[in-house]
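What follows is a short report on a single structure.
The values are calculated or read from the model by the stated rules, or taken from the named source; none is laboratory data. In this text, all values refer to a predicted model and were calculated from it rather than measured experimentally. When we count neighbours, we look across all protein chains shown, and the Cβ atoms used for this are built from the backbone with ideal geometry, even at glycine. Surface areas here come from the heavy atoms of the whole protein model, side chains and all, with no ligands, DNA or RNA. Shrake-Rupley method; radii C 1.70, N 1.55, O 1.52, S 1.80 Å.
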Amino acid sequence: MELKEQLKEIKTQLRLSMNGAVSQSMREKGLVYKLNFGVELPRIKSIASAYGKDHALAQALWKEDIRECKILAGLLQPVDSFLPEIADIWVENIRNIEIAELTCMNLFQHLPYAPAKSFHWIAAEDEYTQVCGFLTIARLLMKKGDMNERVENEFLDQAISAFLSGSYHVRNAALTAIRRFMQHSEENAFQVCRRVEGMGDSSSETERLLYNLVKEEVAL
């Protein structure tokens with residue numbers, strides 16, 4: 001089947017699976033797309049399973065300004081043909097938290113260059129580039145939580161700074177990564193505690209919040 005025909009077939013399946021109530025609910029929660037069919041994730045995964053990994057199809061789907069097409073792109077993109085420069089282009093194109101979370105889970109965490117690329121992303125100024133960086137690191141920490149000392153220090157510097165000065169989504173993504181780091185070992189948890197120990201009595205509300213969140217994580 002030609003690429004145009006595949007795209008047409010996928011869009012037909014998405015239209016047949018439309019859910020206006022879900023789409024409306026997403027808009028009310030601030031998840032704005034040019035086009036959103038409101039198709040639920042299990043159905044999107046079911047559609048993806050009929051195609052298999054396909055670089056050309058994934059790239060074409062990503063270019064569509066449609067929620068479901070972008071989710072499908074992350075599911076269908078083969079890792080071996082997803083070059084670092086393409087990853088940067090995709091990240092530049094991410095403009096809401098749902099696509100950031102799903103693409104990190106379905107694709108970015110599996111990339112062989114994910115550790116280096118995620119650190120490049122968290123150092124960026126763009127909001128969703130930072131979000132993708134921290135969410136990818138959080139995923140990597142769930143699989144393999146150890147870093148060398150230099151990398152640990154860089155990560156904690158960036159994550160704490162992002163929590164204290166970043167946007168809402170950057171702050172949440174940074175906190176997710178910090179929590180995953182702490183959960184890996186008592187030594188990791190101790191390192192984070194040592195960095196925030198002076199924030200409990202800070203005049204900054206954000207510093208006090210971070211201190212309390214770290215304290216809660218240790219108590220779990």
Cβ contacts < 9 Å: first residue more than 22 Å from E152 (Cα to Cα) and outside the structural domain of Q183 (by the TED database), restricted to the range 193-220; second residue modelled with pLDDT under 95 and open to solvent by less than 70 Å² (accessible area, probe 1.4 Å), any location; separation 6+ or different chain. Result? none
Here are some residues: N148, N188. Which one is more than 18 Å from the chain's Cα centre (by Cα), closer than 29 Å to H110 by Cβ and in contact (Cβ under 8 Å) with a residue 40 or more places away in the chain? N188
Looking at the range 192-220 only, could you name the residues that are open to solvent by less than 60 Å² (accessible area, probe 1.4 Å) and either among the small types (G, A, S) or out of contact with any helix residue (DSSP H, G or I) (no Cβ under 7 Å at 6 or more places or on another chain) (or both)? G200, S202, S204
Just checking, does the range 131-143 include any residue being over 28 Å from R15 (Cβ atoms) and surrounded by fewer than 16 Cβ atoms within 10 Å (Cβ to Cβ)? yes
Which one of these does V79 not meet: (1) over 28 Å from Y168 (Cβ atoms); (2) modelled with pLDDT under 95; (3) of a type in the set (V, I, T)? (2)
Exactly one of (1) open to solvent by 10 Å² or more (accessible area, probe 1.4 Å); (2) assigned to a helix (DSSP H, G or I); (3) aliphatic (A, V, I, L, M); (4) under 21 Å from L102 (Cα atoms) is unmet by A124. Its number? (2)
Test F82 against the criterion of being in contact with a Phe, Trp or Tyr (Cβ under 9 Å, 6 or more places away or on another chain) and outside any helix (DSSP H, G or I), and give yes or no. yes
Among the residues of the range 104-117, which ones are open to solvent by less than 50 Å² (accessible area, probe 1.4 Å), of a type outside the set (A, V, I, L, M), in a helix (DSSP H, G or I) and more than 19 Å from Y168 (Cα to Cα)? N106, F108, Q109, K117
For N96, work out the one condition from (1) within 16 Å of T129 (Cα to Cα); (2) modelled with pLDDT of 95 or more it doesn't fulfil. (2)
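Each row is one residue, and each column tells you yes or no for (1) in the same structural domain as E2 (by the TED database); (2) open to solvent by less than 40 Å² (accessible area, probe 1.4 Å); (3) under 26 Å from H169 (Cα atoms).
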{"site": "N36", "(1), (2), (3)": "yes, yes, yes"}
{"site": "A50", "(1), (2), (3)": "yes, no, no"}
{"site": "L61", "(1), (2), (3)": "yes, yes, yes"}
{"site": "C69", "(1), (2), (3)": "yes, yes, yes"}
{"site": "A73", "(1), (2), (3)": "yes, yes, yes"}
{"site": "I99", "(1), (2), (3)": "no, yes, yes"}
Which one is farthest from R95 (Cα to Cα) among residues in the range 107-132 that are touching a residue at least 40 places away in the same chain (Cβ under 8 Å) and touching a Ser or Thr at 6+ places or on another chain (Cβ under 9 Å)? I122
Scope the range 85-97; condition assigned to a helix (DSSP H, G or I) and buried (at least 18 other Cβ atoms within 10 Å of the Cβ); matching residues: A87, W90, V91, I97
Residues satisfying the stated conditions in the range 1-34, i.e. surrounded by fewer than 14 Cβ atoms within 10 Å (Cβ to Cβ) and in contact with a strand residue (DSSP E or B) (Cβ under 8 Å, 6 or more places away or on another chain): K34
Among the residues of the range 40-66, which ones are out of contact with any Pro (no Cβ under 7 Å at 6 or more places or on another chain) and more than 14 Å from Q13 (Cβ to Cβ)? L41, G52, D54, A56, A58, Q59, A60, W62, K63, D65
